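The values are calculated or read from the model by the stated rules, or taken from the named source; none is laboratory data. Treat the numbers as computed from the prediction; the structure is a model and nothing was measured. Reconstructed Cβ throughout: ideal geometry from the backbone, glycine too, with neighbour counts over all protein chains shown. Ligands, DNA and RNA are stripped out before the accessible areas are found, and what is left, the full protein with its side chains, is counted by its heavy atoms. Shrake-Rupley method; radii C 1.70, N 1.55, O 1.52, S 1.80 Å.
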Amino acid sequence: MASNRILVVEDDKAISDFIAINLQYTGYEYVVISDGNETALYLEQDHSFDMALLDVMIPGMDGFELMEYMKKYNIPVIYLTAKSDVSSKIQGLRGGAEDYIIKPFEVLELLVRIEKVLDRMGKLNKILRIKDISIDLENHTVTRSGKDIALKPLEFDLLVMLVKYKNRTIPRDRLLNEIWGVDFFGGTRTVDVHIAQIRKKMNLHEELKSIPKIGYRLEDL
Amino acid sequence: MRLWQKISLICVIAMLLIVGTCNTILIVVSKDNILKLTQNSAMTEQSNLQASFSGMVTYYSDDNMDDAAKRSMAKYCFARFAGSESVLVSDNDTIYSNVSLSPEKILPLTSINKQEHYMGEMDGRNILITGEKVTLLSKEYSVYTVQDITSVYDSINKMIWEFGLVSFACIVLGITLIVFLTRFATRPLKSLGNTARCIAKGDYDERAEVSTNDEVGELAQDFNVMAEAVQSNINELKENAERQLLFIGSITHEFKTPLTSVIGHSETLLYTKMPEDIMQKSLTHIHEQCKWLERLTQKLLRLITLQEQIDLEEGLVCELLSAVKNSMEETLRQREIILQTACDNSQLLMDFDLMQSLLINLVDNAAKASKPGQSVQITSYRNVIEVIDHGIGIPKEEISRITEPFYMVDRSRNKLKGGSGLGLALAKRIADAHGAQIAFESILGQGTTVKVTFPVYK
């Protein structure tokens, strides 16, 4: 299954650059356009996007006006904008946007929201792949080089999160919150223990890196 | 106490004083007149009686008659004319009397042929005694009339009562009228007060009704003038506050964009494994955005701290233009734009550094609007400095807004060239601080002329 394609409409090069870098290393395909009118023209040629990140204040047609085109091609939209007033937010969401993110934002938050929207739309890949590892999210099975590996449920969830945000350091407390839940009383040592299990079972001693004082990162580069 | 009550009270007091005084004077005068009339009529009666009596006595008697005859004669003659109130006395001998008192004891007559009178109270009755002494045939007679004038006093008292009653009625009517009229007269004040309260509550469109031509009307007019001034001041304040809010909104917006990239790139660098060259790119972005933020804060600081009052000194415009040329030359050469200056010998009152900053901003804008190879001119004559370019021009409908902070005609193009949207706002502020006018004339595709006109210099 091909990776998800994301359209990024953002006129500030510095911003679109870091969005692009993060999309790329998380495993998305993307196209960046910096002008509203250009976007409309581009969509006529190529509209096979799984979702779009739209800046509101862009040259040419603004982000709200582009909504019409997105609806036409059935592309879910997340607005990325510095306009933090409630009325703009309402206008955006009423217009049919899936989400509205106010600048400045955290990259991980953006990635999570993208994933949530794709999941809602049913466009998320059900099978994650990294190197020769393949994870079936529906059947909760993991194979490496075609060989089944038995993981405990929490180990499985941890692996999924590391694969989803591959090449990215995920802080220990973040992993703890996402997988064990905010109510979990145990310390971050729990995370370390489970990571050690995954490393051993999957033979990921090289790829699953400990980043001192921060967390863990699964690399495929 | 309300104003109408005060006015009413003053009027009532004044009315009471006037009515009281008038009544007293009237009563005193009337009483006097009535008594005088009564007295006069009594005196006439007495005179008549005396004349008739004297005539008859001298006619019928002679000096040879003895005293007793004389007395009888006198009594007879007197009785002919006497009324119920007449008394004739001669040397303490009451010859004729119908009254119960002795008038000669109350009013002893001394001189001859002189009418005298007495008015007084006796046994609860008011009496008037009029008498005169006459000598008839070597005998002295006192002729009296004694009148009971109690009824006159009664009618005087009645009159006083009637006066009092009428006065009282008048006062009651007067008070009613005064209260009614003062309330009527002060009603505009009340409505003025209502209007004032409305305005105080924030209903600044409210105006007082000017219905009269008097002081209250004038007050209402003055009040309306004041309300007008208040309204315009309030509106100005509101506009100012809105502009401030908009300005702050713009500032946050302007800051958010570079901050988003800095946060995004730094987060990416912190958490993402990526090749060296891409890391380098991210770092460059962070560096550039931070430098941009620094420039933005510099300009903002300048814009905000620029005071209305600045130190103005005489300066040669030519010196100013050459300073601008020197500082812009390198930048313009890189953009392949030619800067030409022309000036006369005029001197202007200015802050040299601020004016330089203003002109640099204008020249920078002109250069951004121009294509390589085109020229930008700074021309000065008398109290005017013009910056002329032949670039893309400004759309007519945008000209009024270009001096607003963060307003950009072509946002993405301006950003590409490093514009902050603050240059012209700053230029306008500097011009304002000099008391100078800044005007933009532009034709799309043909260029723009910015004219800075200083107040006429003497």
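Remarks
- Condition met for residue A:163 (closer than 22 Å to residue A:133 by Cα and in contact with a Leu (Cβ under 8 Å, 6 or more places away or on another chain)): yes
- Output for segment B:291-308, where each listed residue is modelled with pLDDT under 85 and either touching a helix residue (DSSP H, G or I) at 6+ places or on another chain (Cβ under 8 Å) or aromatic (Phe, Trp, Tyr) (or both): B:292, B:296, B:299, B:300, B:302, B:303, B:306, B:307, B:308
- Tally of residues being over 14 Å from residue B:85 (Cβ atoms) and open to solvent by 40 Å² or more (accessible area, probe 1.4 Å) across segment B:120-136: 4
- When each of B:371, B:396 is tested for being within 30 Å of residue B:245 (Cα to Cα) and surrounded by fewer than 14 Cβ atoms within 10 Å (Cβ to Cβ), the lone residue that passes is B:396.
Table: residues versus (1) outside any helix (DSSP H, G or I); (2) touching a helix residue (DSSP H, G or I) at 6+ places or on another chain (Cβ under 9 Å).
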position	(1), (2)
B:194	no, no
B:198	no, no
B:210	yes, yes
B:219	no, yes
B:235	no, no
B:243	no, no
B:258	no, yes
B:274	yes, yes
B:289	no, yes
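- Taken over segment A:172-197, the criterion of being within 14 Å of chain B (Cβ to nearest Cβ) and open to solvent by 40 Å² or more (accessible area, probe 1.4 Å) is satisfied by A:172, A:173, A:174.
- Given (1) open to solvent by 100 Å² or more (accessible area, probe 1.4 Å); (2) closer than 26 Å to residue B:380 by Cα; (3) assigned by TED's automatic domain parsing to the domain that holds residue B:257, index of the condition residue B:334 fails: (3)
- Scope segment A:144-171; condition open to solvent by 30 Å² or more (accessible area, probe 1.4 Å) and over 23 Å from residue A:51 (Cβ atoms); matching residues: A:144, A:145, A:146, A:147, A:148, A:149, A:150, A:151, A:152, A:153, A:154, A:157
- Residue within segment B:178-192 that is more than 30 Å from residue B:223 (Cβ to Cβ), open to solvent by 30 Å² or more (accessible area, probe 1.4 Å) and touching a helix residue (DSSP H, G or I) at 6+ places or on another chain (Cβ under 8 Å) present: no
- Filtered residue count, segment A:21-30, keeping only those that are closer than 22 Å to residue A:73 by Cα, of a type outside the set (Ser, Thr, Tyr) and either open to solvent by 10 Å² or more (accessible area, probe 1.4 Å) or in a strand (DSSP E or B) (or both): 1
- Test set (1) in contact with an Asp or Glu (Cβ under 6 Å, 6 or more places away or on another chain); (2) under 27 Å from residue B:28 (Cβ atoms); (3) touching a residue at least 60 places away in the same chain (Cβ under 8 Å) - residue B:125 fails condition number: (3)
- Extreme residue, farthest from the other protein chains (Cβ to nearest Cβ), among residues of segment B:268-314 that are β-branched (Val, Ile, Thr) and within 30 Å of residue B:245 (Cα to Cα): B:310
- Scan of segment A:23-47 for residues that are within 13 Å of chain B (Cβ to nearest Cβ) and over 16 Å from the mean Cα position of the chain (by Cα), ordered by number: A:33, A:34, A:35, A:36, A:37, A:38
- Candidates B:105, B:139, B:75 - the one that is open to solvent by 30 Å² or more (accessible area, probe 1.4 Å), in the same structural domain as residue B:152 (by TED's automatic domain parsing), in contact with an Asp or Glu (Cβ under 9 Å, 6 or more places away or on another chain) and of a type in the set (Lys, Arg): B:139
- All positions within segment A:193-214 that are in a helix (DSSP H, G or I) and among the hydrophobic types (A, V, I, L, M, F, W, C): A:193, A:195, A:196, A:198, A:202
- Verdict on residue B:205 being out of contact with any helix residue (DSSP H, G or I) (no Cβ under 8 Å at 6 or more places or on another chain) and over 30 Å from residue B:407 (Cβ atoms): no
- For segment A:127-162, a residue qualifies if it is touching a residue at least 24 places away in the same chain (Cβ under 8 Å) and charged (D, E, K, R), and the qualifying residues are A:131, A:144, A:152, A:155.
- Condition met for residue B:135 (assigned to a strand (DSSP E or B) and either free of Cβ contacts under 8 Å to residues at least 24 places away in the same chain or of a type in the set (Asp, Glu) (or both)): yes
- Matching residues in segment A:135-162 - criterion: being under 23 Å from residue A:212 (Cα atoms) and outside any helix (DSSP H, G or I): none
- Verdict on residue A:71 being open to solvent by 40 Å² or more (accessible area, probe 1.4 Å), of a type in the set (Lys, Arg) and closer than 21 Å to residue A:7 by Cβ: yes
- Inter-residue pairs, beta-carbon under 6 Å, first within 14 Å of another protein chain (Cβ to nearest Cβ) and within 20 Å of residue B:261 (Cβ to Cβ) and in segment A:1-20, second in a loop (DSSP other than H, G, I, E, B) and small (Gly, Ala, Ser), 6+ apart: A:11/A:34
- Check on residue A:140, at positive phi, in contact with a helix residue (DSSP H, G or I) (Cβ under 9 Å, 6 or more places away or on another chain) and more than 14 Å from every other protein chain (Cβ to nearest Cβ): yes
- Every residue from segment A:163-192 that is within 21 Å of residue A:140 (Cα to Cα), free of Cβ contacts under 8 Å to residues at least 24 places away in the same chain and not in a loop (DSSP other than H, G, I, E, B): A:176, A:177, A:178
- Of the residues making up segment B:230-249, one or more are surrounded by 12 or more Cβ atoms within 10 Å (Cβ to Cβ) and within 14 Å of chain A (Cβ to nearest Cβ).
- Boolean, residue B:283 is open to solvent by 30 Å² or more (accessible area, probe 1.4 Å), farther than 26 Å from residue B:372 by Cβ, at pLDDT 85 or above and outside the structural domain of residue B:368 (by TED's automatic domain parsing): yes
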